[in-house]
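Note sheet for the following structure.
The values are calculated or read from the model by the stated rules, or taken from the named source; none is laboratory data. Only a predicted model underlies this, so the values are computations on that prediction, with no experimental measurement involved. Glycine gets a Cβ as well: all are built from the backbone with ideal geometry, and neighbour counts include every protein chain shown.
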């Protein structure tokens with residue numbers, strides 16, 4: 001029982017980080033009606049911003065984290081929207097999807113060529129001391145990662161549902177033309193969405209990189225898992241992305257512990273196929289009548 005609790009909570013902790021990246025897929029979909037296939041690289045890159053700030057400029061870790069967040073908001077939020085999304089979006093969603101794929105490859109190769117192709121250690125925000133809970137030995141870092149990630153999701157949900165800006169963002173996502181008629185600054189709301197996505201990707205990077213190490217190839221794995229989590233939970237629902245991320249994290253740990261670790265990489269794909277066959281809109285998703 002203690003081992004099961006340990007595996008369960010560790011899976012929830014990892015899954016909650018996947019959920020942060022998966023929510024980014026959902027936000028970009030709602031804002032631009034497209035899928036950002038560079039989302040995995042968006043999670044990979046902020047950790048290297050921090051490493052550069054520490055290695056080349058001698059900044060303390062906590063200062064480097066703040067600098068990394070600011071740079072991520074500018075590059076992965078503002079620049080991504082202005083330079084990539086806005087000019088290409090009128091040409092159709094497929095064109096933008098191809099552009100994000102190309103962007104992901106470009107970011108990955110830039111990190112590989114200009115920083116390092118080797119995995120780099122990354123300091124953890126939280127201590128990794130062992131703690132005991134109901135007989136199970138758990139990592140304090142995992143528990144704090146879980147609590148922090150869930151707190152971010154709750155805060156984002158409250159922001160979207162309880163504030164004027166959040167409701168304007170939701171109105172923009174549902175029907176930009178009507179929202180603009182009602183006086184909503186649609187362009188500003190879309191910009192806020194991209195900035196929030198950049199912030200979520202940065203936080204996910206800070207939490208997951210101490211576990212995965214900082215590697216230029218991290219985006220491939222993280223992007224795929226986050227994308228599947230968003231689909232499994234429901235691509236048009238933030239809470240669906242949360243459910244999908246947690247579910248994949250738990251099932252991954254349970255499979256590796258009680259079945260075999262050899263096929264754990266295939267588990268998200270199997271889960272994706274099952275969900276598409278049984279409930280195409282996702283566990284928490286709702287059917288949409290949009291033309292794509």
(message) Which condition from (1) under 22 Å from residue 87 (Cα atoms); (2) modelled with pLDDT under 95; (3) buried (at least 24 other Cβ atoms within 10 Å of the Cβ) is the one that residue 13 breaks?
(response) (1)
(request) From the list 99, 173, 151, pick out the single residue that is at pLDDT 95 or above and either surrounded by 18 or more Cβ atoms within 10 Å (Cβ to Cβ) or under 16 Å from residue 14 (Cα atoms) (or both). (result) 151
(request) Determine, yes or no, whether residue 279 is in contact with a helix residue (DSSP H, G or I) (Cβ under 8 Å, 6 or more places away or on another chain) and surrounded by fewer than 19 Cβ atoms within 10 Å (Cβ to Cβ). (result) no
(request) Please identify the pairs in which a residue from segment 97-116 that is without any contact (Cβ under 8 Å) to a residue 40 or more places away in the chain has its Cβ atom under 6 Å from the Cβ atom of a residue that is in a helix (DSSP H, G or I), counting only partners at least 6 apart or on another chain. (result) 99/84; 99/88
(request) Please state which one of 66, 49 is out of contact with any helix residue (DSSP H, G or I) (no Cβ under 7 Å at 6 or more places or on another chain), within 13 Å of residue 202 (Cβ to Cβ) and modelled with pLDDT of 95 or more. (result) 66
(request) Could you list all residues from segment 128-139 that are out of contact with any strand residue (DSSP E or B) (no Cβ under 7 Å at 6 or more places or on another chain), loosely packed, with under 12 Cβ neighbours inside 10 Å and in a strand (DSSP E or B)? (result) 132
(message) Among the numbered criteria (1) in contact (Cβ under 8 Å) with a residue 60 or more places away in the chain; (2) more than 22 Å from residue 34 (Cα to Cα); (3) in contact with a helix residue (DSSP H, G or I) (Cβ under 6 Å, 6 or more places away or on another chain), which one does residue 223 miss?
(response) (2)
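Let's see how each residue does on (1) outside any helix (DSSP H, G or I); (2) under 30 Å from residue 79 (Cα atoms):
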| site | (1), (2) |
| --- | --- |
| 98 | no, yes |
| 104 | no, yes |
| 118 | yes, yes |
| 126 | yes, no |
| 141 | no, no |
(message) Condition first: closer than 19 Å to residue 40 by Cα and free of Cβ contacts under 8 Å to residues at least 60 places away in the same chain. Now tell me which residues in segment 58-74 satisfy that.
(response) 70, 71, 74
(message) Between 253, 218, which is under 25 Å from residue 148 (Cβ atoms), in contact with a helix residue (DSSP H, G or I) (Cβ under 6 Å, 6 or more places away or on another chain) and at pLDDT below 90?
(response) 253
